[in-house]
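Working notes for the structure below.
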Amino acid sequence: MLLNEFLMLGAVLFCIGVYGVIVRKNAVLVLMSIELILNSVNINLLAFSLRNNSVDGHTFALYVIAVAAAEVGVGLAMVLLMYRNRRSVGLDELSEMKG
Amino acid sequence: MLSALATAWTSPSIDYHALAPEIILGGGIVLLLLLDLFLPDAKKWVLTPLASFTVLGAFIPVLTLALSNQGVRSLFDGRYMVDDFSLVMKGLFLLAGYVVILLTADHLREGDYYQGEYWFLLLTSLLGMVMMASSRDMVSIFVSLELLSIPAYMMAAWRKRDLRSNEAGMKYYLLGVFASALMLYGMSLLYGITGSTKLVEIATYLGSDLTSLRALAVFFIVVGFAFKVSAVPFHTWAPDTYQGAPTPVTAFLSVASKAAGFVALVTVVFVAFPGSHDVWQPVFWILSALTMTVGNFLALKQTNIVRMLAYSSIAQGGFILMPLAVAGVDGVANSALRSVVTYLLVYAATNLGVFAIVMVVARKTRSGEISSYGGLFSYAPGIATLMTMFMASLAGIPPFGGWFGKFTAFQSLVSAGTTWSYVLAIIGGINSAVAFGYYGKILREMWMKPVPDGDTTPVTVYSSLGVALGITSISTLVLGTFPGIVIHFGDIAGLTGAFIK
């Protein structure tokens with residue numbers, strides 16, 4: 001089976017996601033980067049599930065998808081809240097509190 | 001291939017007594033949501049007693065389970081355990097939740113709060129914590145972690161029009177989600193190595209041979225939880241979130257949510273990674289030393305009380321992590337676990353009390369500055385005395401709870417007896433001394449400074465806040481003067497169900 005290729009794809013997606021979270025200053029783009037990491041997790045889980053010949057990974061992936069949807073729902077609501085109050089979704093402007 | 005795996009499905013037998021706390025909480029949550037939907041606004045006050053009775057109701061089966069002599073109850077093929085460790089932690093979460101409800105009750109009446117939704121989210125988060133204490137499987141740990149975190153993100157951003165509250169919620173959300181994504185990546189690798197999501201099985205398959213993949217998986221999972229317990233260098237969200245969120249929510253985050261993070265960390269480390277201590281011991285050592293030191297020194301220069309308490313709670317987290325840095329040494333695991341449980345209990349009682357006082361004082365002075373505590377003793381001697389007691393407990397002065405938490409932590413470091421553990425104990429000792437600096441600052445303000453604006457009208461303590469202060473101060477005193485009670489909890493240390501299987 002192409003286990004290495006799947007894992008490589010997962011690792012590349014993971015790295016792009018982490019890079020995006022660290023570098024991007026736009027809240028929506030950060031959310032998308034986090035989604036990339038979660039999807040790399042799903043690819044890993046499914047690939048390992050096939051190799052291990054067990055369904056645990058499939059169910060785990062389903063839970064990850066469901067929870068990720070809930071997370072993004074809350075996240076977008078929060079981005080919307082921020083946009084209403086400041087007319088911007090720039091994360092570098094979040095500096096009300098310091099020290 | 002998958003169809004071959006699907007055998008005839010039989011429904012697992014369910015021990016309803018063991019699940020009763022979760023079922024009561026779940027029922028209460030549904031009832032709250034329905035009542036909030038259909039009740040007219042004038043009758044919404046019913047929701048507050050309903051929320052508190054749900055939490056107290058869930059506490060009853062925790063007690064009956066603790067008193068029953070059936071020992072460890074294992075549900076769902078050993079993926080959900082009700083043992084002494086999980087019962088103690090469930091009790092802690094429920095009591096902390098009850099105190100937070102008491103703290104919020106008056107707050108809700110004053111501010112523009114959506115109380116139905118607020119109680120719903122608070123209880124949902126509590127349900128996640130209660131489930132976390134029993135989870136012994138990666139999937140259920142992940143689901144409980146999200147169940148407790150997602151409502152907490154919303155509660156941090158509760159004041160919709162307040163820019164600070166927005167910022168608090170946003171920072172908490174982004175770093176929290178990022179942390180769980182990292183943790184999930186680690187979990188996916190772990191599943192790949194061991195072929196199982198059950199923690200006990202992971203421990204048997206994982207073995208102790210050092211492969212880079214195993215090190216990576218363990219590292220990612222530990223880092224993911226380090227965000228939750230706000231260990232330095234993953235603490236950056238904590239001060240901003242604590243300061244910006246409404247004060248009762250801050251109390252909830254800094255006590256219950258943090259304790260839940262530690263419970264998850266302890267479960268994973270002791271049940272799934274007992275053989276991998278060569279990976280996690282150095283990580284915990286560094287995290288613990290950094291967390292104590294950075295938290296303490298940043299707390300020294302704060303002028304806002306909540307922000308100072310945020311750094312203080314980060315520093316306390318470092319002390320809780322301390323015994324984990326040596327938990328892999330032969331024979332230390334039990335004492336390390338006992339120390340974490342003890343410390344969490346003491347810390348929860350004390351810190352909730354501090355936040356109750358912060359709310360009482362802020363109601364009068366309308367300020368969050370430490371200088372607003374000037375002369376507190378002259379016009380509110382009772383409050384000032386209680387605050388002194390809580391500060392002494394946080395600083396670790398006997399006979400108040402805190403000293404015993406620190407004592408157990410140092411005890412396990414010394415019993416490990418390695419060079420690294422002694423070095424960490426010295427770092428911890430220096431930090432305990434540094435902490436007197438900022439706890440003492442508040443005491444100096446209260447006892448020696450004049451009242452800043454000369455306003456010496458006495459503070460009003462609402463009945464619910466009074467009850468909260470009573471519960472927390474009595475627990476702080478009792479835990480400090482009769483530490484034997486806590487030792488008894490710790491004896492269970494056969495705890496995580498791993499050793500019992």
Output ordering of B:234-240, B:280-286 (per-residue mean of other Cβ within 10 Å, highest first) is B:234-240, B:280-286
Per DSSP, the loop-located trypsin sites (Lys or Arg not before Pro) within region B:243-331 having at most 15 other beta carbons within 10 Å are B:Lys301
Cα-only Rg/Rh for region B:133-186 with Kirkwood Rh rounds to 1.08
Semi-axes a, b, c in Å (a largest) for the protein assembly as shown, each sqrt of 5 times a Cα gyration tensor eigenvalue, come to 37, 27, 25
So, relative contact order of region B:57-116 in percent, Cα under 8 Å, 6 or more apart, is 27 percent
Note: B:Ala433 to B:Val451 extended length (0.36 nm per residue) minus current alpha-carbon separation gives 3.7 nm
Relative contact order in percent for region B:17-494 (Cα pairs under 8 Å, 6+ apart) equals 14 percent
Between B:Ile14 and B:Phe53, Cβ-based FRET efficiency (R0 30 Å, step 0.05) works out to 0.75
Rg/Rh of region A:3-87 (Cα atoms, Kirkwood Rh), to two decimals, equals 1.09
Any residue on another chain or 5+ positions along whose placed amide H is under 5 Å from the amide H of A:Asn26 is listed here as A:Leu91
Karplus-derived 3J(HN,Hα) from phi for region B:457-464 (6.51 cos²θ - 1.76 cosθ + 1.60, θ = phi - 60°), whole Hz, x at Gly and Pro, runs 5, x, 7, 9, 10, 5, 4, 5
Excluding residues fewer than 8 positions from A:Lys98 in its own chain, the aspartates and glutamates with Cα under 17 Å of it are B:Asp162, B:Glu167, B:Asp240, B:Glu369
In deg cm²/dmol, rounded to the nearest 500, the helical mean residue ellipticity at 222 nm of chain B, built from -39500 (n - 2.57) for every DSSP H run of length 4 or more, is -24000 deg cm²/dmol
For region A:3-87, averaging the sequence separation of alpha carbon pairs under 8 Å that lie six or more residues apart and dividing by its residue count, the contact order in percent is 28 percent
Per region B:17-494, sqrt(5λ) over the Cα gyration tensor eigenvalues, sorted largest first, in Å, gives 34, 27, 20
For chain B, the count of lysine pairs 8 or more apart or interchain whose alpha-carbon atoms are under 23 Å apart comes to 21
Label model pair B:Lys43, B:Leu31: point-to-point distance (7 angstrom along the Cα→beta-carbon line) in nm is 1.5 nm
Kirkwood calc, region B:356-453, C-alpha pairs only, radius in angstrom 14.9 Å
Eigenvalues of the alpha-carbon gyration tensor of region B:168-207, times 5 and square-rooted, give semi-axes in Å, largest first, of 29, 9, 6
Computed ³J(HN,Hα) along region B:191-198: with the Karplus parameters 6.51/-1.76/1.60, θ = phi - 60°, integer Hz and x for glycine or proline, the list is 4, x, 5, 9, x, 8, 10, 7
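Rule-based calculations on the coordinates, nothing more; no lab input. All values reported here derive from a predicted model rather than from experimental measurement. FYI the Cβ positions are ideal-geometry reconstructions off the backbone, even for glycines, and counts take in every protein chain you see.
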